[in-house]
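Report on the structure given below.
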Amino acid sequence: MNDAKRLPFEKGVEIINGLSDQGKIKDAMIFLIGLGTGLRVGDMLRVTWEQMRQPQFEIIEQKTRNTKKHPKPTVIHLSSSIREFVNNNSYDKHGTLRTGIVLINRSGKPMSRINVHGRIKKWTEYYLDNGHYSAHSLRKGFGYHFYKNNPYPQVALQKLSERFHHSNQQVTLRYLGLDMEETREIIENSFKIELDF
């Protein structure tokens with residue numbers, strides 16, 4: 001189980017907006033793709049501008065592709081606010097429509113995983129005074145937000161378990177840190193004792 005710290009979704013949105021305001025679109029897109037899709041870093045590095053402008057796109061995830069003879073593509077749904085952000089930033093400073101791989105380095109090649117992790121560390125240190133985050137933190141942030149903001153938690157848990165290719169829903173709960181959090185909430189709400197001081 002990956003023990004990367006989960007990036008709170010709201011903090012991720014603050015970072016995206018801050019980077020956008022600074023004109024750091026490529027770095028903002030790292031956080032947007034991670035928090036908006038829940039993809040692993042290897043798959044984030046293959047996402048194109050054309051895909052990010054669509055309501056949904058399909059991707060065969062690298063990690064799960066190696067475990068199945070005939071892998072089924074994962075459908076990634078993008079919210080209208082994500083597409084709006086992408087459309088507002090689809091043109092470079094010369095007015096040219098951005099196409100191809102989103103996360104590229106200065107020489108036009110896909111970024112490395114190390115580069116992505118370094119940028120996440122840099123910007124979480126800058127915005128949160130804590131650089132103990134990685135690309136996996138974004139994936140966990142996506143999952144936690146999806147689960148907590150769904151009116152049907154059991155359905156959300158099932159969908160996340162399928163989406164993350166976990167063997168069962170208990171694994172997904174542990175992955176998101178929800179098993180410990182919910183245990184604390186149950187204890188806090190169940191064992192209220194009024195004490196006189």
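The values are calculated or read from the model by the stated rules, or taken from the named source; none is laboratory data. In this text, all values refer to a predicted model and were calculated from it rather than measured experimentally. We place every Cβ from the backbone using ideal geometry, glycine too, and count neighbours over all the protein chains shown.
Brief remarks on what is shown
- Scanning segment 158-180 for residues that are among the hydrophobic types (A, V, I, L, M, F, W, C), more than 16 Å from the chain's Cα centre (by Cα) and closer than 19 Å to LEU35 by Cα yields LEU173, LEU178.
- Residues satisfying the stated conditions in segment 69-96, i.e. of a type in the set (Ser, Thr, Tyr) and either surrounded by 10 or more Cβ atoms within 10 Å (Cβ to Cβ) or farther than 21 Å from LEU160 by Cα (or both): THR74, SER79, SER81, SER90, TYR91, THR96
- Residues located in segment 58-103, provided they are modelled with pLDDT of 95 or more, over 16 Å from the mean Cα position of the chain (by Cα) and closer than 15 Å to VAL41 by Cβ: ILE101
- Filtered residues of segment 5-14 (kept if out of contact with any Ser or Thr (no Cβ under 7 Å at 6 or more places or on another chain), touching a residue at least 40 places away in the same chain (Cβ under 8 Å) and closer than 25 Å to ARG46 by Cβ): PHE9, GLY12
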